[in-house]
Each structure stands twice: as C-alpha cells, then as structure tokens.
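Here is the structure we will look at, set down as structure tokens.
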Amino acid sequence: MGLLTNATQLIGDQRPERIAILTGAGISAESGLSTFRGTGGYWKQRKVEDLASLEGFERDPAVVWTWYEERRASMLAAQPNAAHRDLATLESHPTGYCKVITQNIDMLHTRAGSNHVLELHGNAFRARCIREETIVAIPDPLPNLPPHCECGALLRPDVVWFGETLDARIVAMASTAVQMADLFLIIGTSGFVSPACEMVALARKAVIVEINPEETPISRAAHIALRLPAAEAVPAIVKAIHASRSRTD
Ligand code: OAD
C-alpha cells in the first residue's frame, strides 16, 4: 500500500476537525512561481542579503524594488493550482477550523478562496512607509522605483526580511492553531526558516503529514512524509477529509 493511501486512510479514521496547514514556496511551484532553495531557486542565483534584508534595501532600494516588482508581476500572472484551491474548500466546518499559515507573499491562497490565511512574511501587494509605518496598496503600475510615501519618505515592500521580527499577533495565532490542531499539513517548505520550521514541535496533538518531493529537516517529525508534488497529493488528502466528514457512523 502506498504512503498516500496510508495517509488518506489514517485521515479517514481520524476525522480531523481542527486543521493547521503550513505552506512554503513549493506549493506555488506548480503555479509557475520560483522557490528559494530548490534547483533554479532565487537564492541559487541572488544574494539574500542584497534582496531580503533592511541593509540591502538601505544600500540600494531600487534594486530591491525591481526584484519585488518582477516577482509581483509573476505572482499576478500566476493562477492558484489544485493544492491552493482544494485547501480553500476545508474552511467550512461547524465546530472545527482550518487555518492556513503561509510563508508565501504571493496571495495565491487568498485568490483560491481561503479566508483565514496567516501571512507570516507579509504580502508583496502592500507597501509600508519606512518613517510613519503606514501601509498602502501598491499602485499598479508603480510610477517609478523606488516609490515614496506622500510624506516624502521611502516606501518598502510590506514583507518580513531576514533579521526582522515577525508580527507577534500573527505568530501567536499561528502557534495556537498548530497547538490545537488534530491534523497538521506541512506543504512545500524546506523547513530552514524560523519560526515556521519550529512550528512542528508545537503540534503535539496532531497527525503530521508533510507533502514535499524532497526530504527536509521536518520529515523526521512527520508521521507520514509524502514525496509528491502538492498539486497531486493535496487533492487526495482533501478528498479524504471531506469523505470522513460526510460519514455518519
Ligand atoms: P524553499 O525554496 O526554501 O523550499 C521550497 C520547498 O518546496 C523545497 O523543500 C522543495 O523541495 C519543495 N517543493 C518544490 N516543488 C514542490 C511541489 N510541487 N510541491 C511541494 N513541494 C515542492 O521555500 P520556503 O521553505 O518557503 O523568506 O522558504 C522559506 C522562506 O525562505 C521564504 O519565505 C523566504 C525564503 O528566504 C524571505 O524572503 C524572508
């Protein structure tokens, strides 16, 4: 019996009500978006410290904005895939919950219909004034790079860079969702970046299923590690969850 069948049977028996889902760049790979650490990933060609740190932004804000604008254009052109779409169908449950916790800034979960998305690393479609902290939607197209706030200070992408603190409210909500979960799905993350990689340790009550074609540091903690692409494995898992919920026994 294959591992995917094992996973769907386990889930069918368990009938999960409280579901936490952690996603990373791999879930959007089949929508055509690049990952960071995989073959052809951003960090194979570019330097993190130039593009995803405050120091890099202060050195050359136009370079950082150019990279985010190229990525934002790809994100806008991309469509949610079967994994994003099927996860969005899990939200309606009378007593339980389904929380998507994502490291992605591409908004594909929201565009697929998920309403409860906790964005750990912010969102590529918003900008923030570096002086006043005001948050604004990024005008389309941006007139010139780098853009400025009405107050005259620079705007930066409203994302979290390396060395920066995550929004404590979002981290607290994500941690609670994982602690209370009876099923924790970890999809398309290499598990190298904190605090996402530490969340698996909070899932003490949950069956943990990892979906990733490659082994990661998280794999050892997972009850089942499915070495499959997200758009193939997620629909089967979601189907098993819905089937378990519609059973009356
Ligand atoms: P990574 O690029 O580190 O990891 C992507 C993971 O997705 C890898 O483990 C791949 O094996 C897996 N993968 C690839 N294709 C897949 C598919 N079709 N289905 C499922 N999995 C697949 O991306 P993240 O873990 O998201 O932060 O990276 C975390 C953070 O590091 C990012 O949010 C970003 C980055 O630097 C910042 O920029 C602050």
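Odds and ends about this structure:
- Among residues other than A206 with Cβ under 9 Å from its Cβ, the summed charge is +2 (Lys and Arg +1, Asp and Glu -1).
- Relative contact order for segment 106-173, counting Cα pairs under 8 Å that sit 6 or more residues apart, in percent: 36
- Against the chain, whose longest principal axis comes from its Cα atoms, helix 168-180 is set at around 10 degrees.
- Per-q log10 I(q)/I(0), segment 184-231, q = 0.19 Å⁻¹ (Debye; single scatterer per alpha-carbon; no solvent): -0.51
- Using alpha-carbon coordinates, inclination of helix 61-77 to the longest axis of the chain, degrees: 40
- Taking only Cα atoms of segment 65-124, radius of gyration then Dmax in Å: 12.8, 45
- The DSSP beta bridges internal to segment 1-151 are antiparallel in roughly 25% of cases.
- Debye-sum result for the chain in log10 I(q)/I(0), which assumes one identical scatterer on each alpha carbon, at q = 0.07, 0.14, 0.16 Å⁻¹: -0.24, -0.92, -1.15
- Environment charge of A82, counting only residues whose C-beta is closer than 10 Å and scoring Lys/Arg +1, Asp/Glu -1: -2
- Fraction of alpha-carbon pairs over 16 Å apart in segment 128-184 - percent: 59
- Mean separation of Cα contacts under 8 Å, 6 or more apart, over the residue count of the chain: relative contact order %: 27
- Extension gain, T66-C151: 0.36 nm per intervening residue step, less the Cα-Cα distance, totals 28.4 nm.
- With 5 Å bins beginning at zero, the pair-distance distribution over Cα atoms of segment 120-159 amounts to 6, 28, 35, 23, 7, 1 %.
- Cα-derived Rg to Rh of segment 139-220, Kirkwood definition: 1.14
- Each residue of segment 82-97 was assigned a 3J(HN,Hα) from its phi angle through the Karplus expression (A = 6.51, B = -1.76, C = 1.60, θ = phi - 60°), giving 4, 5, 4, 5, 5, 4, 5, 7, 8, 5, 7, 8, x, 10, x, 8 Hz with x at Gly and Pro.
- Annotation for segment 170-238 versus segment 104-124: alpha-carbon center distance of 17 Å.
- Converting phi to 3J(HN,Hα) with the Karplus coefficients 6.51, -1.76 and 1.60 and the offset θ = phi - 60°, segment 231-242 yields 5, 8, 7, 4, x, 5, 5, 5, 4, 5, 5, 4 Hz in sequence order, with x at every glycine or proline.
- Residue of L228, L142, L22 that the Gaussian network model of the chain assigns the largest fluctuation, springs spanning Cα pairs under 10 Å: L142
- Projected-area mean, segment 1-92, by convex hull of Cα positions, square nanometres: 8.6
- FRET efficiency, 1/(1 + (r/R0)^6) with R0 25 Å, evaluated for L54 and A201 via beta carbons: 0.30
- Amide N of segment 188-208 lying under 19 Å from the label point, which is placed 7 angstrom from the Cα of K44 along Cα→Cβ: 188-193
Each reported figure results from applying straightforward, stated rules to the coordinates on display, with no laboratory input. Bear in mind the structure is a predicted one, so any value in this text is a computation, not a measurement. Positions of Cβ are generated from backbone atoms using ideal geometry, with glycine treated the same way; all protein chains shown enter the neighbour counts.
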